1. Counting only residues 5 or more places away or on other chains, whose amide H sits under 5 Å from the amide H of residue 286 once H atoms are built in the peptide plane?
2. Using modelled amide H (1.01 Å from N, peptide plane; none on Pro or chain starts), what sits under 5 Å from the amide H of residue 38, excluding residues fewer than 5 places away?
3. Based on the Kirkwood radius over alpha-carbon pairs, what is the Stokes-Einstein translational diffusion coefficient of the range 59-173 at 20 °C with 1.002 mPa s viscosity, in µm²/s?
4. Please work out the ratio of the alpha-carbon Rg of the range 121-260 to 2.2 N^0.38 Å and round it to two decimals.
5. Hey, can you rank 167-178, 142-153 by average C-beta count inside 10 Å, highest first?
6. May I ask you to evaluate 6.51 cos²θ - 1.76 cosθ + 1.60, the Karplus curve with θ = phi - 60°, for each residue of the range 192-205 and list the ³J(HN,Hα) values in order in whole Hz, giving x for glycine and proline?
7. Quantify, in whole percent, the carbon and sulfur part of the accessible surface of the chain (1.4 Å probe; protein heavy atoms only).
8. I need the phi-derived Karplus couplings for the range 367-375: 6.51 cos²θ - 1.76 cosθ + 1.60, θ = phi - 60°, integer Hz, Gly and Pro marked x.
Amino acid sequence: MSHAARPAMTTAKPAAKTVLISGASIAGPALALQLHRHGFTPTVVERAPELRTGGYKVDIRGTAIEVCRRMGILDEIRANSTDMEGGSYVDAGGRTIGELPAEIFGGRADGDDEIMRGELARILYERTRDDVEYLFDDSVAALHDDGDGVDVTFESGTRRRFDLVVGADGMHSHTRRLAFGDERRFKRYLGAYISIFTAPNHLGLKRWETYHALPGKLVCVYSSAGETSAKNSFVFRSPEELPYHHRDFGAQKRVLSEAFAGDGWEIPRLIGHAADATDFYLDSISLIEMDRWSSGRVVLLGDAAHCASPASGQGTGLALTGAYVLAGELAAAQGDHRVAFEEYERVMRPGVEQNQRMAEGFVKEMTLDTKWKIALRMFMVRTLPKTPWKNLIAKKIRDDIQKAANAVPLKDYEASKTLRTTAA
Ligand SMILES: Cc1cc2nc3c(=O)[nH]c(=O)nc-3n(C[C@H](O)[C@H](O)[C@H](O)COP(=O)(O)OP(=O)(O)OC[C@H]3O[C@@H](n4cnc5c(N)ncnc54)[C@H](O)[C@@H]3O)c2cc1C
């Protein structure tokens, strides 16, 4: 599938104008939206044959709310909110141990929002598809940056030249591999895996999530507003990284079955639905840590640059914020990528690092490793709603999360809204 680009300006030549973005998930289309507004000509290439709509519910909080407002997508996000009411923990017999409202579960503050990842990807894609060229079912095979531009060879065999290339192709970024080297140099495994897929809602959940904790594992099933199906999600610890390829879904489904073999509650039935799931997702919970995010005319964005892992709850917010900042800095620098890339990194890095540190602690919290720790957690879940300090505890959780969510300072790039151009 591809959509023809509309030329943004024709009479003059800015320092950098054509931008190839690899990856059409969250970061890529968000950057394309902002670059087009600033007068650049973005092209997005996506390996998948069509937009990938699976995934977890993702939080839009702190700085990301203002970013979405400025991108003009906040109302649509709110109209598609998951609108969760709350959740409960159940024991192995399915009996409810305790229930908590959504604000406490999600550490949510007023104005925070939550949307399915696939819905957000769809909103961004639909906002950009008429103005931006999308190349699905293709990928970058080779890059050659000669200092004045980047020659790109696609896997389809097509060759094109762009002023800049942005890798927004996720934790296993191919662009990063081509421009910076092997993933192992930058990935830090945090000791756990996450899997999620759509399945029939056989628990009959409505705007509700149900959790079951086992030593080193957490299972969650939920159904959000407007959904007839459910999402089955599994987190499990593994001391070592597991040997499978990140595009081999058959191997990933076997990894999941083996991790939960012999476990009770509804787990065999929930895992059984993985076989038919068309949006099956499994990945390690890892960080991407790099000394720099750009090399010449190639720059990384979102998880490709600085994956904070699902444990941070901030990967999507950081991807949106990074897209806004990168496009804004390119416009402010009139397309001078050296100035823009440096400033993009200076603005983003402290906030990124704060969120990555938070994720490390959250992984252990998600997957308590002993029966005693789980028993203590269940005691808290049972008693918290009845304690007079419940609001104080909720506030403490919320404040920590909000601090990290607001860690990137947002400039106003409106003044540089349109790329000023120099005579050709
Ligand atoms: C289908 C899917 C489901 C997800 N589910 C969850 C989830 O349940 N929980 C969670 O925390 N996070 C999930 N994520 C990751 C989450 O979207 C990101 O952490 C966050 O939103 C940052 O997004 P990103 O755009 O930087 O990277 P990503 O969302 O990872 O997107 C990267 C995009 O690049 C594409 N791509 C990869 N390689 C190439 C290539 N060589 N050429 C072209 N395109 C390429 C991918 O297909 C994808 O569309 C999911 C991602 C995807 C794609």
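1. When sequence neighbours closer than 5 places are left aside, the close amide H contacts are 190.
2. HN-HN under 5 Å from residue 38: empty list.
3. D = 118 µm²/s.
4. 1.39
5. 167-178, 142-153
6. The phi angles translate into 8, 10, 10, 9, 8, 7, 7, 8, x, 8, 6, 8, x, 7 Hz.
7. Taking all protein chains in place, the chain shows 51 percent carbon and sulfur surface.
8. Residue by residue, the range 367-375 yields 10, 5, 8, 10, 4, 5, 5, 5, 4 Hz.
The values are calculated or read from the model by the stated rules, or taken from the named source; none is laboratory data. Everything numeric here is computed off the predicted structure, so don't read it as measured data. Positions of Cβ are generated from backbone atoms using ideal geometry, with glycine treated the same way; all protein chains shown enter the neighbour counts. For accessibility, only protein heavy atoms count, side chains too; no ligands or nucleic acids. Shrake-Rupley method; radii C 1.70, N 1.55, O 1.52, S 1.80 Å.
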